[in-house]
1. Name the residue that is farthest from G253 (Cα to Cα), counting only residues in segment 270-292 that are in contact (Cβ under 8 Å) with a residue 24 or more places away in the chain and among the aliphatic types (A, V, I, L, M).
2. Kindly establish whether L147 is farther than 20 Å from L402 by Cα and either in the same structural domain as F306 (by TED's automatic domain parsing) or under 19 Å from the mean Cα position of the chain (by Cα) (or both).
3. Among what's in segment 18-66 and is assigned to a loop (DSSP other than H, G, I, E, B) and of a type in the set (D, E, K, R), pick the residue that is surrounded by the most Cβ atoms within 10 Å (Cβ to Cβ).
4. Tell me which residues, restricted to segment 83-93, are in contact (Cβ under 8 Å) with a residue 60 or more places away in the chain, within 28 Å of P152 (Cα to Cα) and not hydrophobic (A, V, I, L, M, F, W, C).
5. Do you know which of the residues in segment 40-88 that are of a type in the set (G, A, S) and closer than 30 Å to H151 by Cα is modelled with the lowest pLDDT?
6. Which residues, taken from segment 380-395, are surrounded by 16 or more Cβ atoms within 10 Å (Cβ to Cβ) and either free of Cβ contacts under 8 Å to residues at least 40 places away in the same chain or part of a helix (DSSP H, G or I) (or both)?
7. Report whether or not S295 is out of contact with any Lys or Arg (no Cβ under 7 Å at 6 or more places or on another chain), of a type outside the set (A, V, I, L, M) and either surrounded by fewer than 22 Cβ atoms within 10 Å (Cβ to Cβ) or without any contact (Cβ under 8 Å) to a residue 12 or more places away in the chain (or both).
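The values are calculated or read from the model by the stated rules, or taken from the named source; none is laboratory data. Everything numeric here is computed off the predicted structure, so don't read it as measured data. FYI the Cβ positions are ideal-geometry reconstructions off the backbone, even for glycines, and counts take in every protein chain you see.
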Amino acid sequence: MPIRRTEFESGLRVVSERMPSVRSAALGFWVLAGSRDESSRISGSSHFLEHLLFKGTKSRSARDIAEAFDAVGGDVNAFTAKEYTCFYARVLDRDLPMAVDHLCDMFGNSVLRSVDVDGERRVILEEINVHEDTPDDLVHDLFTETLWPDHPLGRPILGKVGSVGAATRDQIHRFYRKRYVPGNLVVVAAGNVRHEDLLDLISSNMETGRVRTPRGPSDRNLRPVGDAPQPSGRTLVKRRKTEQAHICIGTNGLSRRDPDRFAFGIVNDALGGGMSSRLFQEIREKRSLAYSVYSYHSMFAEAGLFCAYAGTRPSRAKEVLGLVRRELDDMAEHGLTEAELERAKGHIKGSLVLSLEEPGGRMSRLGKSEISHGEILTVNQILRRIEAVTLDDARRAAERVLLQPAALTVLGPFDKGGLW
């Protein structure tokens, strides 16, 4: 079914994709507010708000919200990212009006009581403790801070113990009132839902503006693009008594608007995207040096982040790091083989299509595209762009990324310099 998009006079955008063969609907409220929108003093505010919006509104308690979704067998949750926050629900199609009603109320009418701020502060500090006790997660935050030490994208999404501990209700409320406005909101639904019915539900539950204005992509709703942060090229060795050494090495990737992003997506997949990738084959299959080894590419408004990760015994860390560097250097110098190119294309295309087999996957793709790009490529358009990538395209993208200064972060039982 075709994807439908409507923009209200207030700037609120509504996107839907009907799947008449299912009996459910996935709903997402995507807010253009993430950890990069915070000053260092209020770091963690977006994530704090993610918690607080479930604590009650002017007309509903936290228990009311939870019971409403439990009573229909639905799910409601949220997550915070660098550039947006998403509140989402999955319900039976007949219960979509209830889900829209509740999420509209949470978005516009949350009370953010001081007692709830204090309670969720304790919860979030425990969440940070859990993160600190999970080295294979923590090392990625440390890597991002090492790569971009002076840029908002380098800050952790959860915030710091100091900033979360010092956050006040007034600070968080000001952030809420500034960021949680219709012009920063994208509402997305996928499943057995009619677009006009969704518009009626939103109009009756939210201050949207008087006119529904059919529009195409609109720059007024997009995040302003500044200068890309420069890759620091720094090294951080953080001592921690762990059974494994956790290694992250990487540099700037490509932004989400870069024309080479599809080509580098294929490069990344061939490097560390699956079981046939170079890193997996060389480090795990041939030498049995790691259980977990992979690479990833995250894209933001003005830059991207490329990282290769491996976890291994501390005594083999130097060897594993040397192998990762060798594969990155070889890719930068020689590019992909024809077989690698075709295999990576097939892996990416297959993974994309399989991820869209249920409403939640489709809602997530639509929401990320609209909140980040202001436009939505159809699945066929994406498949064609992937298929059009040539060996020369892949080599150019690999050179652009992998010849930049690399940052290195190692978390494990090492003294500074002890890795070498």
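1. Selected residue: L289.
2. no
3. Checking each candidate, the answer is E38.
4. The answer is E83, Y84, Y88.
5. So, considering only residues that are of a type in the set (G, A, S) and closer than 30 Å to H151 by Cα, the one modelled with the lowest pLDDT is S40.
6. Once the filter is applied, which keeps residues that are surrounded by 16 or more Cβ atoms within 10 Å (Cβ to Cβ) and either free of Cβ contacts under 8 Å to residues at least 40 places away in the same chain or part of a helix (DSSP H, G or I) (or both), segment 380-395 yields I382, L383, I386, D393, A394, R395.
7. For S295, the condition - out of contact with any Lys or Arg (no Cβ under 7 Å at 6 or more places or on another chain), of a type outside the set (A, V, I, L, M) and either surrounded by fewer than 22 Cβ atoms within 10 Å (Cβ to Cβ) or without any contact (Cβ under 8 Å) to a residue 12 or more places away in the chain (or both) - is not met.
So that you can scan it fast, the table gives a plain yes or no per residue for (1) crowded, with 18+ Cβ neighbours inside 10 Å; (2) closer than 17 Å to F79 by Cα; (3) β-branched (V, I, T):
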site	(1), (2), (3)
D137	no, yes, no
G159	yes, yes, no
R179	yes, yes, no
G191	yes, no, no
